[in-house]
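Read through the structure below, which is laid out as structure tokens, and then see the notes.
Where a number appears in this text, it was derived from the coordinates with a stated rule and is not lab data. Every value quoted in this text rests on a predicted model; they were computed, and no experiment measured them. Cβ placement follows ideal geometry from the backbone for every residue including glycine, while neighbour counts extend to all protein chains displayed.
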Amino acid sequence: MTAIALATHGLNKSFGALKVTQDVRFKLPVGARHALIGPNGAGKTTFINLLTGMLPPDAGTIELDGTEITALPPHERVKRGLARTYQINTLFPDLTPLEAVTLVACERHGVSRQWFPSLASRRVLIEEAYALLAQLGIGDQARRPTRHLAYGHQRVLEIALALATHPHVLLLDEPAAGVPAQESGILYEVISGLPKEIAVLFIEHDMDLVFRFASYITVLASGRVLREGPPAEIAEDPEVRAVYLGTAVHG
């Protein structure tokens with residue numbers, strides 16, 4: 001039986017009278033490539049914010065690797081292996097990718113606040129950062145200021161920053177948002193090539209990308225789980241098509 005990396009039980013969240021997450025029960029297996037889809041206003045980003053601790057749930061629990069993390073602040077969840085990216089880049093424009101990823105690695109090792117870390121330890125972390133950037137296909141951009149990178153490369157850099165925390169679970173909130181169509185496929189090739197032990201949950205509106213790269217799909221509608229299943233089942237489900245997909249799957 002496949003181990004579960006991330007799970008929720010009866011998760012609820014309301015803003016006043018608006019119920020944005022309703023009794024969501026969700027499981028993300030280790031190594032999954034899992035898409036979260038649904039119409040605008042379905043509660044997808046709110047769900048990610050609940051998972052990462054950016055929002056507190058009104059009811060329900062969240063488990064990471066079998067341990068409840070519902071009350072933990074975001075930084076503690078990161079330390080336990082939960083990382084995310086955002087719809088809009090949150091990067092340091094004046095740093096190079098190599099500097100930014102090295103800084104995350106330093107934070108992970110607890111040396112980011114030391115004025116005089118040993119040269120040997122810093123060299124190891126720089127090499128680790130460069131290897132990660134090269135693995136993701138942007139090693140040749142490692143020493144350029146981030147503000148000069150193409151937008152698609154900036155999105156890859158954000159994934160690199162998340163991976164530098166050594167996550168077990170990676171949450172991607174519309175990773176291809178704003179990326180030119182010819183680059184979005186390349187971005188998802190990077191995502192699909194991530195280490196198999198990392199479970200990936202991604203929000204995506206491009207159904208072509210969803211059905212190419214997801215092995216399992218959860219459909220949210222009005223804050224509830226409407227359907228879950230492999231892509232072929234979701235594509236043929238009449239209620240899913242009526243609520244969201246329309247003719248997108250078959251053109």
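Observations
- Cα-Cα pairs of the stretch 1-150 separated by more than 28 Å (percent): 37
- The stretch 119-225: relative contact order in percent, alpha carbon pairs under 8 Å with at least 6 residues between: 23
- FRET E, pair ARG25, GLU128, Förster distance 45 Å, beta-carbon r, rounded to 0.05: 0.75
- Dipole magnitude of the chain about its Cα centre (Cβ charges: Lys, Arg +1; Asp, Glu -1), debye to nearest 20: 500
- Most positive-pole-ward Cα, PRO74, ALA7, ILE191, against dipole of the chain from beta carbon charges: PRO74
- Choice from GLY137, GLY193, GLY43 with maximal GNM fluctuation in the chain (Cα, 10 Å cutoff): GLY193
- The stretch 119-220: C-alpha gyration tensor shape, a/c 1.5 cut-off, then a/b vs b/c: oblate
- Percent RCO, i.e. relative contact order, over the chain, from Cα pairs under 8 Å lying at least 6 residues apart: 27
- Only one residue of LEU55, TYR151, PHE202 has its Cα farthest out toward the positive end of the dipole of the chain, where Lys and Arg carry +1 and Asp and Glu -1 on Cβ, and that residue is LEU55.
- Averaging the sequence gap over all C-alpha pairs within less than 8 Å and six or more residues apart, then dividing by the number of residues, gives the stretch 34-100 a relative contact order of 21 percent.
- Candidates ALA199, ALA162, ALA131, ranked by Gaussian network fluctuation over the chain, Cα under 10 Å, top entry: ALA131
- Qualifying lysines (Cα of each under 16 Å from Cα of LYS44; at least 8 residues distant if same chain): LYS13, LYS19, LYS27
- Rg in Å to one decimal, and Dmax rounded to a whole Å, for the stretch 1-66 via C-alpha atoms: 12.1, 40
- Here each label is just a point 7 Å from Cα along the line to Cβ, and for GLU228 and LYS196 those points are 2.3 nm apart.
- Between GLU189 and LEU95, the FRET efficiency estimated from the beta carbon spacing at R0 = 22 angstrom works out to 0.30.
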